[in-house]
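Working notes, structure below.
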Amino acid sequence: MKKILSGMLILALMVTMLVSCAKSDSDTSKTQESEKPVDSVAPTPSDKKMVIGMACINLSDAGLVLIKNGADLAGEDFNCELIWKACEGNLDTQIDQIRGFIQQKVDAIWLDSCDVAGVVDVINEATDAGIQVLTAGSKVEAKANYNLIYPDFDDAFFAGTVVGEYYKDKTGTVGLIVGSAGNLVSEKRQEGFTAAIKNYPNLKLVSGMGMWDANTSMTVAEDIVRSNADLLHMHIIADGMSYGAYQGIQNAGAKITISANDGDNAALDHLENKEYLFDNVVGNERLGYWGIVIARRLFDGEEMATDQYLPTYKVMGEEMLTFVKDHNLTEINGVSYATVTIDEARKIVSSESYRKEFDATFVPTK
Amino acid sequence: MGKLKNNRIKNVEINRIANIGILILLMCVATAVNKSFLSVSNLLGILEQNSAKGVMALGATFVLISGGIDLSMENGLTMMAVTASLLHISAGEHPLVLILLCILIGAMVGAVNGFLISKLKLLPFVATLGMMTICKGITHWSSEGKIMFLQSKTVSFIGRGKVFNVIPFQTIVLILMAILAAVILYRTSLGTSTYALGSNEEAAKYIGINTALQKFKVYVLNGSFIGVAALLTVSRVGQISPNLGSGSMMDAIAAAVIGGTSTMGGRGSIGGTLIGILIIGVLINALTFMNVPVNAQSAIKGIVILFAIVADALFASVQRRKKKVNDVV
């Protein structure tokens with residue numbers, strides 16, 4: 001028994017060492033991580049150090065990790081110390097973490113809330129204590145918080161409308177893979193897409209839950225393909241899930257169009273290879289960077305509107321871009337949608353570009 | 001000892017017949033709603049989708065029969081898949097590296113669990129809960145939340161290959177692992193000791209079983225099975241992601257319990273677990289075929305699993321009552 005245990009211990013140490021090496025080696029392999037920042041575009045850091053409490057739902061989801069990367073970069077650029085906490089989707093834990101930040105007397109709290117209504121009281125506690133609170137992704141109706149909003153509903157409505165117009169003359173099924181029940185981002189994107197598809201009675205919508213996991217999304221995509229012989233299109237609400245769904249669609253032997261959301265580099269590769277029809281560029285790193293810029297500007301005394309909007313861009317190949325313009329889809333129900341080419345999208349999500357976009361000349365929503 | 005084992009096998013047979021009935025009923029309902037459910041491609045698809053979970057459920061069967069539980073299964077699977085894949089990429093994507101490392105890391109995680117439970121006498125619930133957190137931490141630390149893609153053709157064949165262009169390779173692995181598990185459970189002293197541990201650990205000690213060593217072996221075996229499941233999962237999806245395997249523990253344990261494995265230990269079978277994983281797989285697939293609203297799907301799945309656990313508890317209670325009556329007589 002002792003011999004077995006000693007052997008296991010040695011093996012454990014060896015694997016730990018190997019993983020450490022693999023970590024540094026694998027940085028060069030094919031990943032969706034963005035390129036290294038270019039120092040020449042770094043803004044000048046402000047003099048006074050600012051401390052920001054970062055309350056996240058989790059730090060394991062690929063999208064949230066990219067948001068963290070962007071925020072950390074902004075922290076370096078703007079002399080901000082970021083304290084990261086993840087509640088793993090538990091509202092009670094998140095409330096405790098925010099109370100912890102209030103006790104620590106941080107200068108601001110950036111919050112990716114797991115429950116829009118559930119965090120209102122603790123946000124009010126923070127703002128009453130003189131701490132700026134910035135809620136990311138969704139509008140939280142507290143007394144004095146700032147909302148960092150990216151238009152999930154509208155973006156998904158655009159996606160649904162484009163799919164509807166694209167298959168206007170056909171009858172069939174459209175698949176939708178959402179994240180998880182109760183998740184606000186997932187629900188907003190689901191609502192937007194569903195609302196748009198309702199305008200096309202020739203299309204039937206079927207949905208599946210990908211649980212933000214590529215493996216589950218792959219299984220769900222396969223099931224949707226096999227259960228709907230007339231499937232025309234599959235929309236996946238996040239790039240991270242779409243790669244698994246794409247494998248599932250290939251595995252099930254379907255020849256359908258695919259669209260997704262986020263504008264990650266790997267998704268742009270799929271667009272380039274004409275495997276996806278279109279995507280929506282939010283740029284998760286860009287999103288993280290922008291949030292810290294807004295927090296810093298507020299800390300430095302700049303006045304701005306309580307609802308801050310991050311522009312998103314619809315990215316697609318040349319052919320699809322012409323289709324969107326020809327069908328007047330750059331404005332739907334009074335909402336304007338900016339379109340970009342794949343190359344432009346790559347620039348937008350690069351650290352060089354978003355550092356420039358949010359430099360001293362950037363004007364927040366007034 | 002032989003009589004006791006035969007009685008257990010009889011009880012398991014009753015459960016298995018009931019489960020086959022449920023499976024056929026589920027398939028009939030799904031086919032009535034959507035005829036393409038019974039297509040060969042869909043049925044083979046269900047087998048492929050659930051092979052990794054099936055292998056995981058086989059490992060869980062051993063742990064549950066021995067009276068234990070492994071809460072680190074899911075995070076363990078993710079950690080094994082992520083760390084082994086990272087090492088595999090840095091070693092030039094040689095498939096053998098991935099295969100061996102998945103199993104080796106799995107066995108190591110199992111060994112640590114086994115050591116904590118058998119030597120340090122920690123409750124399985126507590127020890128594996130700690131391991132769960134460790135695995136989660138290692139996954140995040142090593143992957144840094146990045147998504148990476150595996151390019152090797154062999155790995156892609158393990159994940160999505162078809163033997164004779166029909167049978168999913170993953171399903172062949174599941175069948176081989178099930179045969180291996182059956183041989184260990186029914187034909188070796190480790191199998192007999194596993195049942196003995198779960199039925200009455202004190203009695204097992206008195207008849208000369210080294211309970212600490214046997215428990216250790218059960219957890220190492222379970223870890224190795226999870227390692228194989230990790231290999232199947234990561235090669236199927238073809239990418240490393242820190243969310244791989246989410247929800248797999250629930251499905252694996254549920255499959256074993258639905259298949260007649262007692263959560264109290266001492267009862268269970270390999271055949272039952274295989275039927276259990278088929279029920280779970282068919283149920284998930286059938287919900288999509290029946291176009292059940294997305295938010296209702298997890299609720300229905302949860303109700304079925306809960307029903308199976310309650311049925312297991314009732315069955316165990318009836319068995320205890322019967323035993324008491326027999327003892328009095």
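Kindly indicate whether B:I279 is among the hydrophobic types (A, V, I, L, M, F, W, C), within 14 Å of chain A (Cβ to nearest Cβ) and within 19 Å of A:D223 (Cβ to Cβ). Write out each step before concluding.
Working: among the hydrophobic types (A, V, I, L, M, F, W, C): yes; within 14 Å of chain A (Cβ to nearest Cβ): no; within 19 Å of A:D223 (Cβ to Cβ): yes.
Against the criterion (among the hydrophobic types (A, V, I, L, M, F, W, C), within 14 Å of chain A (Cβ to nearest Cβ) and within 19 Å of A:D223 (Cβ to Cβ)), B:I279 does not qualify.
Kindly indicate whether A:V162 is over 17 Å from the mean Cα position of the chain (by Cα), touching a residue at least 40 places away in the same chain (Cβ under 8 Å) and surrounded by fewer than 17 Cβ atoms within 10 Å (Cβ to Cβ). Let's see the steps before the verdict.
Working: over 17 Å from the mean Cα position of the chain (by Cα): yes; touching a residue at least 40 places away in the same chain (Cβ under 8 Å): yes; surrounded by fewer than 17 Cβ atoms within 10 Å (Cβ to Cβ): no.
So A:V162 fails the test.
Mind checking which residues of segment B:28-82 are farther than 30 Å from B:T263 by Cβ, part of a helix (DSSP H, G or I) and polar (S, T, N, Q)?
Matches in segment B:28-82: B:T31, B:S36, B:S41, B:N42.
Residue by residue through segment B:137-174, note down the ones that are touching a Lys or Arg at 6+ places or on another chain (Cβ under 8 Å), in a loop (DSSP other than H, G, I, E, B) and farther than 20 Å from B:G76 by Cα.
Matches in segment B:137-174: B:Q151 only.
Would you point out the residue of segment A:212-233, among those that are assigned to a loop (DSSP other than H, G, I, E, B) and without any contact (Cβ under 8 Å) to a residue 60 or more places away in the chain, that is nearest to the other protein chains (Cβ to nearest Cβ)?
Filtering segment A:212-233 down to residues assigned to a loop (DSSP other than H, G, I, E, B) leaves A:212-213, A:228-230.
Then keep just the ones that are without any contact (Cβ under 8 Å) to a residue 60 or more places away in the chain; that gives A:213, A:228-230.
On the way: A:D213: 4, A:N228: 8, A:A229: 6, A:D230: 11 Å.
Taking the candidates together, the pick is A:D213.
State whether the residues of segment B:303-311 include one that is surrounded by fewer than 24 Cβ atoms within 10 Å (Cβ to Cβ), under 25 Å from A:M211 (Cβ atoms) and either of a type in the set (D, E, K, R) or facing another protein chain (nearest Cβ under 10 Å) (or both).
The answer is no; no qualifying residue exists.
Only one of these is out of contact with any His (no Cβ under 6 Å at 6 or more places or on another chain), in a helix (DSSP H, G or I) and at pLDDT 85 or above: B:G266, B:G302, B:G276. Name it. First the steps, then the outcome.
Numbers: B:G266 fails: in a helix (DSSP H, G or I); B:G302 fails: at pLDDT 85 or above.
Within the list B:G266, B:G302, B:G276, the selection yields B:G276.
Can you name the number of the only condition in (1) among the hydrophobic types (A, V, I, L, M, F, W, C); (2) in a helix (DSSP H, G or I); (3) surrounded by 17 or more Cβ atoms within 10 Å (Cβ to Cβ) that B:V183 fails?
For B:V183, the failing item is (3).
Does B:T194 satisfy the criteria of being farther than 30 Å from A:E88 by Cβ and away from every other protein chain (no Cβ under 12 Å)? Step through it out loud before you land on a result.
Values: farther than 30 Å from A:E88 by Cβ: yes; away from every other protein chain (no Cβ under 12 Å): yes.
Yes: the conditions hold for B:T194.
Against the conditions (1) without any contact (Cβ under 8 Å) to a residue 12 or more places away in the chain; (2) of a type outside the set (D, E, K, R); (3) facing another protein chain (nearest Cβ under 10 Å), where does B:A286 fall short? Just the number, please.
For B:A286, the exception is condition (1).
All but one of (1) at pLDDT below 95; (2) assigned to a helix (DSSP H, G or I); (3) not aromatic (F, W, Y) hold for A:V293, so report the exception by its number.
Looking at each condition in turn, A:V293 falls short on (1).
Could you figure out which of (1) touching a residue at least 24 places away in the same chain (Cβ under 8 Å); (2) surrounded by 14 or more Cβ atoms within 10 Å (Cβ to Cβ); (3) more than 20 Å from A:V163 (Cβ to Cβ); (4) of a type outside the set (S, T, N, Q) isn't true of A:L271?
(3)
Select from segment A:30-56 the residues that are farther than 12 Å from A:G288 by Cα, at pLDDT 85 or above and crowded, with 19+ Cβ neighbours inside 10 Å and list them in ascending order.
We begin by selecting, within segment A:30-56, every residue farther than 12 Å from A:G288 by Cα; these are A:30-53, A:55.
Retained after the next criterion (residues that are at pLDDT 85 or above): A:48-53, A:55.
Residues satisfying the conditions are A:M50, A:I52, A:G53, A:A55.
Report yes if A:S227 is within 23 Å of B:L150 (Cα to Cα), of a type in the set (S, T, Y), in contact with a strand residue (DSSP E or B) (Cβ under 9 Å, 6 or more places away or on another chain) and surrounded by 20 or more Cβ atoms within 10 Å (Cβ to Cβ), otherwise no. Don't jump to the end; show me each part of the working.
Details: within 23 Å of B:L150 (Cα to Cα): no; of a type in the set (S, T, Y): yes; in contact with a strand residue (DSSP E or B) (Cβ under 9 Å, 6 or more places away or on another chain): yes; surrounded by 20 or more Cβ atoms within 10 Å (Cβ to Cβ): yes.
Considered against the rule, which asks whether it is within 23 Å of B:L150 (Cα to Cα), of a type in the set (S, T, Y), in contact with a strand residue (DSSP E or B) (Cβ under 9 Å, 6 or more places away or on another chain) and surrounded by 20 or more Cβ atoms within 10 Å (Cβ to Cβ), A:S227 comes out as no.
Quick one: in segment A:234-268, which of the residues that are at the interface with another protein chain (Cβ under 10 Å from one of its Cβ atoms) and acidic (D, E) is surrounded by the fewest Cβ atoms within 10 Å (Cβ to Cβ)?
So the residue we want is A:D239.
Could you check, for segment B:231-238, whether at least one of its residues is touching a helix residue (DSSP H, G or I) at 6+ places or on another chain (Cβ under 9 Å), modelled with pLDDT of 95 or more and more than 14 Å from chain A (Cβ to nearest Cβ)?
No, because not a single residue in segment B:231-238 is touching a helix residue (DSSP H, G or I) at 6+ places or on another chain (Cβ under 9 Å), modelled with pLDDT of 95 or more and more than 14 Å from chain A (Cβ to nearest Cβ).
Here is a list: B:S72, B:S51, B:S85. Which entry is more than 11 Å from chain A (Cβ to nearest Cβ) and in contact with a strand residue (DSSP E or B) (Cβ under 9 Å, 6 or more places away or on another chain)? Spell out how you get there, then give the answer.
On the way: B:S72 fails: in contact with a strand residue (DSSP E or B) (Cβ under 9 Å, 6 or more places away or on another chain); B:S85 fails: more than 11 Å from chain A (Cβ to nearest Cβ).
Checking each option against the conditions leaves just B:S51.
Only one of (1) closer than 16 Å to A:D77 by Cα; (2) in contact with an Asp or Glu (Cβ under 7 Å, 6 or more places away or on another chain) fails for A:G288. Which number is that?
Among (1) closer than 16 Å to A:D77 by Cα; (2) in contact with an Asp or Glu (Cβ under 7 Å, 6 or more places away or on another chain), the lone unmet condition for A:G288 is (2).
Only residues in segment A:322-335 that are among the hydroxyl-bearing types (S, T, Y) count as the first member; pair them with residues that are surrounded by 13 or more Cβ atoms within 10 Å (Cβ to Cβ) and part of a helix (DSSP H, G or I), Cβ under 7 angstrom, at least 6 apart or cross-chain, and list the lot.
A:T330/A:V324
Consider segment B:95-128. How many of its residues are more than 11 Å from chain A (Cβ to nearest Cβ), surrounded by fewer than 16 Cβ atoms within 10 Å (Cβ to Cβ) and touching a residue at least 12 places away in the same chain (Cβ under 8 Å)?
Here the count works out to 1.
The values are calculated or read from the model by the stated rules, or taken from the named source; none is laboratory data. Everything numeric here is computed off the predicted structure, so don't read it as measured data. Ideal geometry is used to build each Cβ from the backbone, glycine not excepted, and the neighbour counts take in all protein chains shown.
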